[in-house]
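Every number here is computed from the coordinates shown, using simple stated rules; none is lab data. All values reported here derive from a predicted model rather than from experimental measurement. Here the Cβ positions follow ideal geometry from the backbone for every residue, glycine too, while neighbour counts run over all protein chains shown.
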Amino acid sequence: MTAERARITIFDTTLRDGEQSPGCSMNQPEKLRLAHQLDRLGVDVIEAGFPIASDGDFESVRAIATAVRRPIIAGLARACRPDIERAWEALKGAARPRIHVFLATSDIHLQYKLRITREQCLAQAREAVALAKSLCDDVEFSPEDATRTDPHFLCQVLEAVVEAGATTLNIPDTVGYTVPAEFGDLITAIRRRVKGIENVTISAHCHNDLGMAVANALAAVAAGARQVECTINGIGERAGNASLEEIVMAMRVRPDRFAYETGVVGDQIFAASQLLSEITGVPVQPNKAITGRNAFAHEAGIHQDGVLKNPLTYEIMTPQSVGVPDSKLVLGKHSGRHALGMRCEQLGYQFDRRALDDIYRRFVRLADKIKKVEDHHLLELIRDTHKPSGSATPLIEPIPAAKAASGIEPVISVPPANVAGPANPPAPEPMKPFPVGPQTNAFGVPLPVHSDPHHEQTQQEDYLWGV
Ligand code: KIV
Ligand code: ZN
């Protein structure tokens, strides 16, 4: 019998902290569109904005609160009356509203930013949460810069706001300073020392300045946090926030280490990532885990050969599990004949082994030489290989071995007229679109569902050539 998994609340702050990322601001219709996608994605809480920040943000929070009814809708407020009242004004139409109050607690922030004493901070936090509670049942409190706050004072503030009615205590690593073991210890200490903690949810809010936001969030969960704050594609202030898709998929791929569940609908992840990228115009980093365009792409011959035989060799999750339409094999200079032969077949050309050897040698030279290899290059290469004198501007010099082999007729599964050249290529299968942003220096080949036994004879050569 498997033990029951703890349920982790996914608090998405793409529309608030994420939007604070330079170049990522969104207008009201865009925010609403993304909020609907976050709803489809199954997040538990949508932090829709910071209503006091601008009229636009206020209207966005209000529109989302009115239109998106399943998740909790949160609005951010500093620990002061005008912010809290404005947040409530925007949120009060929500089916499940939450006011999120924050106040910095570290000495650095108290001394240089807020210019208040610890005593003043304690009183302000308590009063602000009590005011929020008088308006809304669901109140979250965040001691900003918690990880650089004296832990003793931090626990004092947390205890005061629990008494005042906070239902979630969010622990922000505002400047991405902490490391996993330390952050886990902090959550453990809070659970031990804060009176009334058993009645509230502990949350983690991690920034990525040292690239550890996701690891820190997972360490907090292991230590007892039951909410994580995160963003799509990890966008957010400076180096960003913990990425939603990475946290969720770490739990799904490694349940042996992270025995938790979330309400996230995996196959909506990629759509959310793409929509955010489309709205903001900020492309996803190509090697971004889970949602980058290379996350399920394979270029090296050994990898392509392995994935064609069984995707488990080089994929720890299926692309479909996160809503990516397909894996792709990228034909570049590291590719093997297995993948090249498959792409030729998809373009309508089937070669016997010697002919494929010949094409492959030319392909490697071409891939070495030009930056962007497209289908039409491959078609021209095929034509050049078999009719070298017919090309006015061959892409590559014929090589002696290829000359000798050029008499070999390919087994072509399209009418000969279509062999004429790139201007009139055989209609290939439409390519599966992959994430927005500049293309790589190669073209993508959709991965078939099953490995083709025709290719099995070439496996050894792929190890020799394709690496
Ligand atoms: O990083 C941070 O401290 C925040 C708080 C407002 C929660 O975003
Ligand atoms: Zn933040």
Checklist outcome for this item: Expressed in angstrom and rounded, the centroid-to-centroid distance over alpha carbons for segment 214-274 and segment 320-341 is 26 Å
Item to check | Distance between modelled label sites at S321 and R191, nm, 7 Å Cα→Cβ extension | outcome: 2.6 nm
Checklist outcome for this item: So the pair-distance distribution of segment 96-224, from every Cα-Cα distance in 10 Å bins, comes to percents of 14, 46, 34, 6
Item to check | Cα-Cα over 21 Å, subset of K333/K369; K31/K92; K288/K328; K133/K195; K92/K113 | outcome: K92/K113
Checklist outcome for this item: Calc'd 3J(HN,Hα), segment 122-133, phi into Karplus 6.51 cos²θ - 1.76 cosθ + 1.60 (θ = phi - 60°), Hz, glycine/Pro = x, comes to 4, 5, 5, 4, 4, 5, 5, 5, 4, 5, 4, 5
Checklist entry - Quick one: if the Förster radius is 41 Å, what FRET efficiency do T313 and E182 give, using the C-beta to C-beta distance and rounding to 0.05? => result 0.65
Item to check | Per-residue HN-Hα couplings for segment 219-236 [Karplus 6.51, -1.76, 1.60; θ = phi - 60°; Hz; x = Gly/Pro] | outcome: 5, 5, 4, 4, 8, x, 5, 10, 9, 10, 9, 7, 9, 5, 6, x, 6, x
Checklist entry - Given a Förster radius of 25 Å and the C-beta distance between E163 and D107 as r, what FRET efficiency does 1/(1 + (r/R0)^6) yield to the nearest 0.05? => result 0.60
Checklist entry - If contacts are Cα pairs under 8 angstrom and at least 6 residues apart, what is the relative contact order of segment 225-365 in percent? => result 18 percent
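Provide the gained length on full extension for the span A95 to T201, in nm with one decimal, where the gain is 0.36 nm per separating residue minus the Cα-Cα distance.
My answer for the length gained is 36.1 nm.
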